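The values are calculated or read from the model by the stated rules, or taken from the named source; none is laboratory data. Just so it is clear, the model here is predicted, and its values are computed rather than measured. Note: ideal-geometry Cβ built from the backbone for every residue, glycine included; neighbour counts use all protein chains shown. Ligands, DNA and RNA are stripped out before the accessible areas are found, and what is left, the full protein with its side chains, is counted by its heavy atoms. Shrake-Rupley method; radii C 1.70, N 1.55, O 1.52, S 1.80 Å.
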Amino acid sequence: MKPIMSIAIEPIDAIGRPSFAAEVSGIDLTGRLTDVEVNAIHAGMDQFGVLVFHDQHLGDEEQVAFSRQLGPLEQATGDIHAPEDRRVSMDLNDISNLDKYGEVLARDDRRRLFGLGNMLWHSDSSFKDVPAKYSLLSARNIPTAGGNTEFADMRAAYDALDDAMKREMQDLICLHSQLYSRGLLGFDEFTAAERKKMAPVRQRLVRRHPKTGRLSLYLASHAGAIEGIPMPEARALLRDLTEHATQRQFVYAHVWRQWDLVMWDNRVTMHRACRYNPLEVRDMRRSTLTNEVSSLQQVP
Ligand code: OGA
Ligand code: MN
């Protein structure tokens, strides 16, 4: 029998950021969730965009089972691991610096360098036609220092644009590809097959949340072009918007504890990983809910 618990959701910074990033207590994610719990999580995500759960001792199968209770998962096709090198099933993204033997990847390992793309502000799977809805990141092992994850509130960033800018941005379509984000880091050695897989996809720059109706800026370092705007002008605009959206007043920085699970809504947030000692182990697993439709269908 599961002990009787009652779920509570409280903003992490009730004064500075009352509607962004909350902590959830009174729930055990390792067992089957009740309908009340599932509904409370969805409502919490709609309100806060980021939810933090402490002390959730999840194994891979438990993480996948719990994630599926919230909606259909996407497959982890966004990395460059060969199938025989994978440490986890295709239901999970391996957000670690480890190889399949549990050894820390060499500093110049191609998989590590590709993974450093996570240090740029992004929204998960915006490079897929059907991008991600929620991401659920479970901290199995964390380094002794550093390695925070930062989250930016893209609803607040949108709301803070002036009306002329909102009108100008309203119907722009960006092209997203991992070739663009990796290119920003000077990582550009891809095989023909990888380039083909990473062909750009179209996403709205401003999208509407289907439940709350709120608008948000849908940006990511994967965005590298805007339809109808000359390239240098498009890139300059994307940079300006990213700078605007990631000002400190819009950002929550999560300092990890082992067994935290952090869940975010990729439709209304960007996030990035922060530096840590590359010789230390950092082992996280991410399950990801698919958005089921393209952002092109989430019109303002
Ligand atoms: C991710 C991601 C950031 C981090 O899991 O999608 O970007 O801090 N992670 O590991
Ligand atoms: Mn990510």
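Residue by residue, here is whether (1) within 13 Å of ligand 1 (Cβ to nearest atom); (2) more than 13 Å from Pro131 (Cα to Cα); (3) under 18 Å from the mean Cα position of the chain (by Cα) holds:
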| residue | (1), (2), (3) |
| --- | --- |
| Trp256 | yes, yes, yes |
| Pro278 | no, yes, no |
| Met284 | yes, yes, yes |
| Gln297 | no, no, no |
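Of the strands (runs of 3 or more DSSP E) entirely within region 1-72, those holding at least 2 residues that are open to solvent by 30 Å² or more (accessible area, probe 1.4 Å) occupy 8-11, 22-25. Remark: pairs (first residue in region 117-136, closer than 19 Å to Met284 by Cβ and within 8 Å of ligand 2 (Cβ to nearest atom); second residue open to solvent by 10 Å² or more (accessible area, probe 1.4 Å) and in a strand (DSSP E or B); Cβ separation under 6 Å; 6+ apart in sequence or on different chains) = Asn118/Ala273; Ser135/Arg286.
Rundown of residues vs (1) away from ligand 1 (no atom under 12 Å from the Cβ); (2) buried (at least 18 other Cβ atoms within 10 Å of the Cβ); (3) acidic (Asp, Glu), yes/no style:
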{"position": "Arg112", "(1), (2), (3)": "yes, no, no"}
{"position": "Lys133", "(1), (2), (3)": "yes, yes, no"}
{"position": "Ala139", "(1), (2), (3)": "no, yes, no"}
{"position": "Ala156", "(1), (2), (3)": "yes, yes, no"}
{"position": "Asp159", "(1), (2), (3)": "yes, no, yes"}
{"position": "Ile173", "(1), (2), (3)": "yes, no, no"}
{"position": "Tyr180", "(1), (2), (3)": "yes, yes, no"}
{"position": "Leu185", "(1), (2), (3)": "yes, no, no"}
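Scanning region 251-290 for residues that are buried (at least 23 other Cβ atoms within 10 Å of the Cβ), over 16 Å from Leu92 (Cα atoms) and not aliphatic (A, V, I, L, M) gives Tyr252, Asp265, Asn266, Arg267, Thr269, His271. Go through region 83-98 and give me each residue that's open to solvent by 30 Å² or more (accessible area, probe 1.4 Å) and part of a loop (DSSP other than H, G, I, E, B). Within region 83-98, Arg86, Arg87, Ser89, Met90, Asp91 qualify. One residue stands out in region 270-287 among those that are assigned to a strand (DSSP E or B) and out of contact with any Lys or Arg (no Cβ under 8 Å at 6 or more places or on another chain): the one that is nearest to ligand 2 (Cβ to nearest atom), namely His271.
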